[in-house]
Each structure stands twice: as C-alpha cells, then as structure tokens.
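The block underneath contains the structure these notes are about, expressed in structure tokens.
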C-alpha cells in the first residue's frame, strides 16, 4: 500500500513539473508578441579609419499612406540618424524607403540589421487579451469565427475591410479611458477601481479636435501644415460618405463572404 502511494506521489510530482514547464513555455510565447517593429543597426569596423555615413534617403508611399518627413540627422561630423514620420490609414498601405550608405574613407566596415517584430509590448505578456478585445469589437463582430481559407474569400474580405474602415472610423463613436479612481477614495466600501471615460466620439471627430502641436513633425510649421492637410482631406472624404449606404454594403459583403466560403472553401 505504501509502495502504491509513493508511486502516485511521484506521478503527481512529474505531472506538476510538466504543468509548470508548460506554463513557463506559454509565458515565453506570449512575451515574444509585440506591436512594435524594432530595427537595430550594428556596424563593425575591421580596419582603417571611420568615414561611413547615410548619404541619401528616399521614401515612396503607396495606397493612402503619407510621409510627412524623412530626414538624415547629423551629429558632430557624421550623418548617422534617420528620421521617418509616416501615416498609415488603410489596409495595404506601405512606405518603401531606400537608404544609401556611403564610405568616403579607407574603411573596411560591415553593417548588420537585426529586425524583430512581435505583437505585444516588451515584458507585457498579457497584452494579447487587449488585442483580442479589439478584434472582438470590429473583426469578430462582422466576420465571426469562421475560418476563411480560399483566395476568393480573401478578395471579399479586403472589400469588406475597405468599407468597414470608413464606417467604423467616421461614424462609430467610442469611449476613451481618462482615469481610474479607487472606490475607497469615493467613500464606497468596495474593492477595485472605477473607470472614468470621456465623451464618446468617432475617430474622425477625435482627429479634427486634435491640436496641431500633437501631429508629427520636426517643427511647429511642419506640424501645422500636416494638421491642416489631414483635417481638410478627412472633411472632404466625410462629405462623400453615407452611413446607411456603408451599412448596407457591409451587410451585402458579409453575406457574400459566407456564400463564397461555403461554395469554394474547405469543409471540415
């Protein structure tokens, strides 16, 4: 009887150890996710003198992307810092930047780039729930949880996203968290915090209310120029939109997407 208990005890220890290892592995997996694209440059000097620098920079936007500024900053006698400010407003927007590095000296140098892209903030492994919350507000609400696995469905999804972007950003108000206040400070005998939100507003209205100083740019004049151009473009686009028509298109494309997946997609 003692032998059986000892065997069960060892089995439980092994099971607990496996569970702990699984949880640690899951934690590492979530920690590897991030919304930030980090590009770290490294240069190794092998011989001679240092005289290598960024010589020119050219950025080409496509889609609705806009490049507000692209400069090469100079520190001391070296042009070693590249600053790029770009705005992305639609799916598929991209900016292709070409950097030319020039060596004017007798330098034998090697340049390396380490690019890392993850889906959550560094050391914030629980961010995935907030990502899924945003997906639930927009993507899951209109597309559901179906698996779309054919090219025809992808085409319809892109059409749906193009209409959905306008409907959500121009006509769907949302709350923004302003602060959190503990219930005890309000004289309420309750644990936790009360969340205080601002007045609901659509993203379009929030951009129009944004001060010019909050727009990206090297100088105040650049910020004001970008603010005026962006707000004017959004106002003109807003005048061409009809929320009822957008809603109708969303419903039509949603039904079309389900039909395409049912006819051409893989059935499990």
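The values are calculated or read from the model by the stated rules, or taken from the named source; none is laboratory data. If you're wondering where the values come from, they're calculated on a predicted model, not measured in any experiment. Every residue, glycine among them, receives a Cβ derived from its backbone with ideal geometry; neighbour counts consider all protein chains shown.
Restricting to the range 227-236, count the residues that are in contact with a helix residue (DSSP H, G or I) (Cβ under 8 Å, 6 or more places away or on another chain) and under 18 Å from residue 88 (Cβ atoms). Give the derivation first.
So the first thing to find is which residues in the range 227-236 are in contact with a helix residue (DSSP H, G or I) (Cβ under 8 Å, 6 or more places away or on another chain), and the list is 227-228, 230-231, 234-235.
Now restrict to residues that are under 18 Å from residue 88 (Cβ atoms): 227, 230-231, 234.
Of the residues in the range 227-236, 4 are in contact with a helix residue (DSSP H, G or I) (Cβ under 8 Å, 6 or more places away or on another chain) and under 18 Å from residue 88 (Cβ atoms).
Of all the residues that make up the range 194-220, how many are under 30 Å from residue 73 (Cα atoms) and surrounded by 12 or more Cβ atoms within 10 Å (Cβ to Cβ)? It would help to see each step written out before you state the result.
The first filter runs over the range 194-220 and keeps only residues under 30 Å from residue 73 (Cα atoms), leaving 207, 210-220.
Those still in the list that are surrounded by 12 or more Cβ atoms within 10 Å (Cβ to Cβ) too: 207, 210, 212, 215-218.
Count: 7.
Within the range 158-191, take every residue that is under 19 Å from the mean Cα position of the chain (by Cα) and at pLDDT 90 or above and give me the one that is surrounded by the fewest Cβ atoms within 10 Å (Cβ to Cβ).
Restricting to residues being under 19 Å from the mean Cα position of the chain (by Cα) and at pLDDT 90 or above, the top hit is 158.
Read through the list (1) within 30 Å of residue 256 (Cα to Cα); (2) in contact with a helix residue (DSSP H, G or I) (Cβ under 8 Å, 6 or more places away or on another chain); (3) surrounded by 14 or more Cβ atoms within 10 Å (Cβ to Cβ); (4) at pLDDT below 80, then give the number of the only condition that residue 90 fails.
All conditions pass for residue 90, except number (3).
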